[in-house]
Amino acid sequence: MPTAADTRLGRLARRREALPERCDLCAAPMGADHRHLLEPEARELQCACRACSLLFDRGGGRYLLIPTRRVRLDDLELSDLMWEELRLPVDIAFFLLDSRADRVMAYYPSPMGATESHLELDAWQQLEAANPVLGTLEPDVEALLVNRAQGSRQHWLVPIDDCFRLVAVIRTHWKGLTGGRDVWQQIPRYFDELSERR
């Protein structure tokens, strides 16, 4: 995923409020709770005011409106063995159907941004077969977000901009080789906020 998206959503994570946020399409001032658009060709997110987001609510055109569906999947069937078969190097990752590649892609947040990880497609197909809700993910704009760090077992169906908020949190707070105390305090807060926002 592009670092441009990380940078744009980093503004949300850091809450730099010296100047009001402005719509990337029409430059109108917006609140912090504005919507986002994805430009699939550039793989870039754009901040959108209410008026501009309504223009793309029905799909089509240059941009895709990022949905607002957030569902905590407490009954997701994802055993430790199934997770190992996905062959991810970390314990926090998100998965989305990339329409350009015509396949599910795996990414994990890192101090360098959203990092793509080679996904074992057979393992994903088994996961999807065990969890039909994963077949409802909207291509490009929704993701399965998994948190297994420090003993957590959290699974969410979220808009893709939520994933990049998490990337921004980790990029902003990571220190040294292991992240430092601050980032491991911020990650649980991020997931607590997800619960509040659904």
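Considering helices alone, the calculated mean residue ellipticity of the chain at 222 nm is -10500 deg cm²/dmol, with DSSP H runs of length four and up weighted by -39500 (n - 2.57) and normalised per residue.
Compared with the dominant Cα axis of the chain, that is its longest principal axis, helix 3-14 is turned about 80°. Here's how it looks for ALA28: its modeled amide H is under 5 Å from those of CYS23, which are all 5 or more places away or on a different chain.
Converting phi to 3J(HN,Hα) with the Karplus coefficients 6.51, -1.76 and 1.60 and the offset θ = phi - 60°, region 142-159 yields 10, 9, 8, 10, 10, 10, 10, 6, 6, x, 5, 9, 10, 9, 9, 9, 9, x Hz in sequence order, with x at every glycine or proline.
Note the angle between two axes, namely the Cα long axis of helix 180-197 and the longest principal axis of the Cα atoms of the chain, as a number of degrees from 0 to 90, rounded to the nearest 10. Between the helix axis and the principal axis of the chain, the angle is about 70 degrees. Against the chain, whose longest principal axis comes from its Cα atoms, helix 160-173 is set at around 80 degrees.
Counting other beta carbons within 10 Å of each Cβ, put PHE94, PHE164 in order, fewest first.
With the sparsest Cβ surroundings first, the list reads PHE94, PHE164.
A cut-off of 5 Å between modelled amide H atoms, ignoring neighbours fewer than 5 places along the same chain, links GLU44 with GLU39. Here the mean projected area of the convex hull built on the C-alpha positions of region 28-128 is 8.4 nm².
Sequentially through region 73-83, phi angles give Karplus couplings (6.51, -1.76, 1.60; θ = phi - 60°) of 9, 5, 9, 4, 8, 8, 6, 4, 5, 4, 5 Hz, Gly and Pro residues having no value and appearing as x.
In region 71-197, Cα pairs under 8 Å separated by at least six residues give a relative contact order of 26 percent. Couplings 3J(HN,Hα) of region 39-50, computed from phi: 9, x, 5, 8, 6, 10, 8, 10, 6, 9, 6, 4 Hz, in residue order, whole Hz [Karplus 6.51 cos²θ - 1.76 cosθ + 1.60, θ = phi - 60°; x for Gly and Pro].
Read-outs: derived from the displayed coordinates by stated rules, not from any lab. Not measured: the values here are computed from a predicted model. Cβ atoms come from the backbone with ideal geometry, glycine included; neighbour counts cover every protein chain shown.
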